[in-house]
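For reference, the structure discussed in these notes is given below.
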């Protein structure tokens, strides 16, 4: 049986992100939303996700931006976020094991909770005049 290693470098981050978004793109619930919004810009999106997770997990400080803003108007609800977390955890745990892998799952879950809360808040507000 193969022993899984922990997330330790950018190559691991790229493997995690590529595997995860490959699954998302094919997912019956999430795929249509992501593919419609991202369209032909997948390489750009994946590059941004490499920098985001490299910064979050490995303190590289290569990501600069506001991660929530692009998600604010996405047509999603709790079902979508539950599926996102399920796929993210399955990806990370399928590829890696160790403290950084555990942190990735924890951070992904917390981020999903925060994004869902903010989206629900914004969707519940009347339009600005």
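Computed from label points 7 Å out along Cα-Cβ, the spacing between residue 64 and residue 10 is 1.6 nm.
For residue 118 and residue 28, the difference between the fully extended length at 0.36 nm per residue and the C-alpha to C-alpha distance is 30.0 nm. The angle separating the long axis of helix 99-123 from the principal Cα axis of greatest extent in the chain is about 0 degrees. Its DSSP H runs of at least 4 residues, each contributing -39,500 (n - 2.57), put the calculated 222 nm mean residue ellipticity of the chain at -22000 deg cm²/dmol, to the nearest 500. What is the helix-to-structure angle for 42-58, meaning the angle in degrees between its Cα long axis and the longest Cα principal axis of the chain, kept from 0 to 90 and rounded to the nearest 10? The answer is roughly 60 degrees. Measuring how big region 10-123 is from its alpha-carbon positions, Rg and Dmax come out at 13.5, 37 Å. Helix 10-26: angle to the longest alpha-carbon principal axis of the chain, degrees 0 to 90, nearest 10? Around 50 degrees separate the two axes.
Each reported figure results from applying straightforward, stated rules to the coordinates on display, with no laboratory input. Worth saying up front: this structure is predicted, and the values here are computed from it rather than measured. Ideal geometry is used to build each Cβ from the backbone, glycine not excepted, and the neighbour counts take in all protein chains shown.
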